[in-house]
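The values are calculated or read from the model by the stated rules, or taken from the named source; none is laboratory data. Predicted model, so just to flag it, every value in this text is computed and none were measured. Cβ sites come from the backbone with ideal geometry, for glycine too, and all protein chains shown count toward neighbours. Ligands, DNA and RNA are excluded from the accessible area calculation, which covers all protein heavy atoms including side chains. Shrake-Rupley method; radii C 1.70, N 1.55, O 1.52, S 1.80 Å.
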Amino acid sequence: LGGVAISVDDTIQVRISTFANLYQKAYYFPPFPPNKNTGPLPPRVGETTTYTLVWEITNTTNDIRDAKVETKLPIHMQWLGEVYPASERVDYDPTTGKIVWSPGIIDAGSGYYLPVRHVAFQVSLTPAPSFIGSSPLIFDESVFSGQDDFTGKLITVAGGAITTNLIGFGDQEFRNSKWGVVVRPDGTI
């Protein structure tokens with residue numbers, strides 16, 4: 001093969017999926033609207049305490065279509081119907097306790113060079129005597145899902161359950177873990 005030029009060309013196409021994250025926060029003292037909660041801290045048997053729950057989604061490189069976040073409220077929690085921003089689509093099924101946020105498209109760069117996508121809503125707890133001494137569940141695990149618009153891959157991210165003990169769940173003013181423990185009407189455990 002002397003004097004014959006030999007060359008090889010090869011093309012590889014790589015599609016890299018986006019990386020999304022779901023952040024769950026719960027507040028008694030929220031830093032943004034709806035910014036007023038009511039009721040006693042710690043929660044007292046027979047009295048109603050409200051909480052603001054927040055979901056935030058960040059997304060790196062590709063748009064995500066058909067995005068949604070789902071969770072379930074336990075039977076002892078009440079949906080109050082206030083959603084912020086009001087333009088966000090949040091559905092609540094009182095029969096099952098299921099909450100579904102359908103933000104639609106999560107743009108690439110959300111939470112990085114674009115604003116984070118978020119929604120806030122309020123729930124309430126009126127604890128029964130059986131909750132004395134415990135920190136009741138506010139909501140079960142939340143699951144974010146959507147389809148990567150570039151790769152077609154299903155993206156799912158789960159966030160853990162949150163109780164009335166809000167230390168470590170976003171509320172910077174919630175300084176005492178005992179604030180999340182249900183007490184008797186006289187304030188004792």
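Net length available on complete extension from residue 11 to residue 48 is 6.9 nm, with 0.36 nm assigned per residue and the Cα-Cα distance removed. Note on residue 36: lysines with a C-alpha under 17 Å away, same-chain residues under 8 apart excluded, are 25.
Is the C-alpha gyration tensor of the range 58-148 telling us rounded, prolate or oblate? Criteria: a/c under 1.5 is rounded; beyond that, a/b larger than b/c is prolate, otherwise oblate. Note, shape of the range 58-148 comes out prolate.
Backbone amide hydrogens, once placed in the peptide plane, bring residue 139 within less than 5 Å of 162, excluding anything fewer than 5 places away on its chain.
Each 10 Å bin from zero holds the following percent of Cα-Cα pairs in the chain: 9, 32, 28, 14, 7, 3, 3, 2, 1, 0. A 1.4 Å probe run over the protein chains yields, for the chain, 54 Å² of accessible area per residue, whole-number rounding. Qualifying trypsin sites (Lys or Arg not before Pro) in the range 126-189, where qualification requires a DSSP coil assignment and no more than 16 other C-beta atoms within 10 Å, comprise 153, 175.
Share of carbon and sulfur in the accessible area of the range 56-112 stands at 48%, probe radius 1.4 Å. In the range 116-146, which residues have a backbone nitrogen under 14 Å from the label point lying 7 Å from residue 178's Cα in the Cα-to-Cβ direction? Under 14 Å, as judged by backbone N against the label point of residue 178, lie 133-134 of the range 116-146. Counting Lys and Arg as +1 and Asp and Glu as -1 over every other residue whose Cβ lies under 12 Å from the Cβ of residue 182, the net charge comes to +2. Magnitude of the charge dipole for the range 48-133, about its Cα centre and with charges confined to Cβ atoms of Lys, Arg (+1) and Asp, Glu (-1), is about 140 debye.
With only the Cα atoms considered, the range 129-189 has a convex hull volume of 97 Å³ per residue.
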